[in-house]
Amino acid sequence: MALKIIKKKIGQQTIKEVTYESASQKVTLLSLGAAIKRWETKDKEGQFENIVISYANDEDYLKNTKFLGATVGPYAGRIYPSELSFDGKTYPLSKNFMNHANLHSGPDNITTHNFTVKKLNDHAVLMETQKPAADHEFPGNMTFFITVVFGEDTLSLTYETTSDTTSVANLTNHTYFNLSGDLKATILEHTLKLPSHQHVELDAFFMGKDIVKSADTPFDFHEPKRLKEGIMPLKNSAQKGLDHPFLLKAGAIELWDETSGRSLKIETDYDAVVVYTNNILTDHVFNHQKTDQDHLAVCLETQHIPNDMHLFEKPPSLIKPGETKKRTTKYTINHQCKPS
């Protein structure tokens, strides 16, 4: 096992690239957006291949309009109305989604921040960035820490957020997974299992309407089923596939691909996961010179329910002055058997 940190240039910026190798995985992170750039794991034949979407051109990470692999914050997901109100003061937010809602914190997201990187030991790094109140729409001078811990077959991300005024903190990682390896196929034949019995309905503007039961609907992944069984019935909806929050119960999120033999288990102390099946395409070129296509990959964004400050009296994302909001998501990869 080996952890290395090197400096490299992307455009005019000097960034740090973190690599970790074990017998089971090879992971590459960028300080730019604290992004997972590559994640190579073995298939059932022992062949290493990349299981995430990566840009073919590193300079695309400078803007990262598709949020590939990046840490999204201060608030992941859509906010409508596009404003926050705390302590008698209202903070207007940019309407960067359909001129209607604030998506992934708009221009104030930390996806393009160049995080500082500190090696903690041979298996862990600490990444940090800040947002002064004067420089962004969200209230408070905010600091974001991400502790990345590598294992033989695991990757753990612990998010910590502090603010000096009342604000919201809802960080997620926006990695697009495709377990076929090197984008050889779409994720339609991938199998997904969610520890969830409820999901959030979305309106034509992609905003949450009601929390409803998932049983006997395309959204029921409590028992494992192919992603296409959830995607295809939604092709004529506004979302054109899955782009929905699911409320999590105890247990792990599990994704696997029978052809490659690869599986992914995700455990988190967040209360929800947004399942997004790449329904909105861009003109970027990805690794292996692949162009974007429907359902090329799936995002499993562990987070609080989007727009929770407008949905609940006590939103889980709320952060008080001097408080540290802390959440952890752990990923485990396998290449020899299906998940439980």
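Suppose every Lys and Arg Cβ carries +1 and every Asp and Glu Cβ carries -1, with no other charges. What dipole size does segment 2-334 come out with about its Cα centre, to the nearest 20 debye?
Working: 37 positive and 43 negative charges, 107 e Å.
Here the size comes out at about 520 debye.
If I model a spin label at Lys63 and Thr116 as a point 7 Å from the Cα along the Cα→Cβ vector, what separation in nanometres do I get?
3.0 nm
Using the beta-carbon distance between Thr19 and Asp182 and R0 = 22 Å, what value does 1/(1 + (r/R0)^6) give for FRET efficiency, to the nearest 0.05?
Between Thr19 and Asp182 the formula returns 0.75.
Between Thr328 and Thr217, what length comes free when the chain is fully extended (0.36 nm per residue of separation minus the Cα-Cα distance, one decimal in nm)? Walk me through the intermediate numbers first.
Details: separation 111, 0.36 × 111 = 39.96 nm, distance 2.97 nm.
Gain in length upon complete extension: 37.0 nm.
Can you tell me how much longer the chain between Phe86 and Asn287 gets when fully stretched, taken as 0.36 nm per residue apart minus their C-alpha distance, in nm with one decimal? Write out the running numbers ahead of the final one.
Numbers: separation 201, 0.36 × 201 = 72.36 nm, distance 4.32 nm.
Using 0.36 nm per residue and subtracting the Cα-Cα distance, I get 68.0 nm.
Okay, helix-only estimate at 222 nm for the chain: each DSSP H run of n ≥ 4 adds -39500 (n - 2.57), divide by all residues, round to 500 deg cm²/dmol; what do you get? Don't skip to the answer; put the middle values down first.
On the way: 2 runs with 9 residues, N = 340.
Rounded to the nearest 500, it is -500 deg cm²/dmol.
For the peptides 319-325, 33-39, what is the packing order when you average, over each peptide's residues, the other Cβ atoms within 10 Å and list the highest mean first? Could you put the intermediate results ahead of the total?
Numbers: 319-325: 14.4, 33-39: 25.0.
Highest to lowest by the protection proxy: 33-39, 319-325.
Quick check on my link table: of Lys44/Lys326; Lys193/Lys326; Lys131/Lys209; Lys44/Lys213; Lys42/Lys193; Lys63/Lys184, which ones sit more than 29 Å apart, alpha carbon to alpha carbon?
Details: Lys44/Lys326 36 Å; Lys193/Lys326 25 Å; Lys131/Lys209 31 Å; Lys44/Lys213 36 Å; Lys42/Lys193 21 Å; Lys63/Lys184 26 Å.
Pairs exceeding 29 Å: Lys44/Lys326; Lys131/Lys209; Lys44/Lys213.
What is the gain in length, in nm to one decimal, between Arg226 and Lys44 on full extension, counting 0.36 nm per residue of separation less the C-alpha to C-alpha distance? Mind showing how you got there, number by number?
On the way: separation 182, 0.36 × 182 = 65.52 nm, distance 1.96 nm.
In short, 63.6 nm is gained.
Taking R0 as 35 Å, what FRET efficiency do you get between Phe312 and Ala134 from their Cβ-Cβ distance, rounded to the nearest 0.05?
Details: r = 29 Å, r/R0 = 0.84.
FRET efficiency, Phe312 to Ala134: 0.75.
Among His123, Cys299, Tyr270, which residue has its Cα furthest toward the positive end of the charge dipole of the chain, with +1 on Lys/Arg Cβ and -1 on Asp/Glu Cβ?
Selected residue: His123.
Does segment 146-294 come out rounded, prolate or oblate by the C-alpha gyration tensor, with a ≥ b ≥ c the root eigenvalues, rounded set by a/c under 1.5 and, if not, prolate when a/b is larger than b/c and oblate if not?
Working: a/c = 1.32, a/b = 1.08, b/c = 1.23.
Rounded shape, in that the Cα axes give a/c under 1.5.
Throughout, read-outs are computed from the coordinates displayed, never taken from laboratory work. Bear in mind the structure is a predicted one, so any value in this text is a computation, not a measurement. Heads up, the Cβs are rebuilt from the backbone with ideal geometry, glycines too, and the neighbour counts pull from every protein chain shown.
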